Structure formats: structure tokens, C-alpha cells
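The values are calculated or read from the model by the stated rules, or taken from the named source; none is laboratory data. Because the structure is predicted, anything quoted here is derived from the model rather than measured. Here the Cβ positions follow ideal geometry from the backbone for every residue, glycine too, while neighbour counts run over all protein chains shown.
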Amino acid sequence: MSIAVGASPQQPQDFIEIQNNRVKIPITLLYDVKTRWNSTLNMLERSVRLREFTKDWLQTYAEFTPLWSTPEEWTQIEYILEVLQPIRFWTL
């Protein structure tokens, strides 16, 4: 999903504006970095945190709607987080 949000200069700004009146400090999605395993963990944690804003953003950019994860995929992400979060504790 983060690839879609960064596809043009206006899209990240729209994503921030969706959050403006709902959170104290708006943030953007993170990208995965192949050379750092914990970037995957950080990306997944952030995507779960911003899930509702991402869904709202898709109403503006409907061409990216097929990228929205299914409930089963969100459950898989939760399982992956359960595995990776303890590993981060022991490797930092």
C-alpha cells in the first residue's frame, strides 16, 4: 500500500490531510528496506496503526482499491507481528 500512497507528490499530502482532525501528529506509511529485517516489522506495525486512514484514503484514489488487504490478510499480519516483535527485543 505504501507504494500507492507515494505514487505522486499530492498523494502523501492527501494521506496526511485525512488524519489532520483525527490525530495529534499525522504520519505517513513506511517502506520496507530489503537490507534491514526490522524494517518489515516497522512497516507492518505502521500499516496496522494507519489502517483506518488508508481505507479513507482509498475513497479518494479508487484506482488503488484492489490493493486493500482482506480481513484474512490483516489477520496474517497480526500473526507475523506476534512473531517478529519479540525478535526485535532480543536483537536490538
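Could you please find all residues in segment 59-92 being aromatic (Phe, Trp, Tyr), touching a Leu at 6+ places or on another chain (Cβ under 7 Å) and closer than 19 Å to residue 45 by Cβ?
The answer is 68, and nothing else.
Could you go through segment 46-54 and let me know if any residue there is of a type in the set (A, V, I, L, M, F, W, C) and within 18 Å of residue 91 (Cα to Cα).
No, the conditions are met nowhere in segment 46-54.
Any idea which residue in segment 24-42 is surrounded by the most Cβ atoms within 10 Å (Cβ to Cβ), counting only those that are modelled with pLDDT of 90 or more and not in a helix (DSSP H, G or I)?
26
What single numbered condition from (1) at pLDDT 95 or above; (2) surrounded by 11 or more Cβ atoms within 10 Å (Cβ to Cβ) fails to hold for residue 82?
(2)
Listed here are the residues, each with its yes/no results for (1) among the acidic types (Asp, Glu); (2) part of a loop (DSSP other than H, G, I, E, B); (3) more than 13 Å from the chain's Cα centre (by Cα); (4) at pLDDT 85 or above.
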position	(1), (2), (3), (4)
8	no, yes, yes, no
11	no, no, yes, no
14	yes, no, yes, yes
22	no, yes, yes, yes
44	no, no, no, yes
47	no, no, no, yes
57	no, no, no, yes
76	no, no, yes, yes
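What are the pairs with Cβ atoms under 7 angstrom where one residue, in segment 13-28, is among the polar types (S, T, N, Q) and the other, located anywhere, is not in a helix (DSSP H, G or I)? Sequence gap at least six, or different chains.
19/26; 20/26
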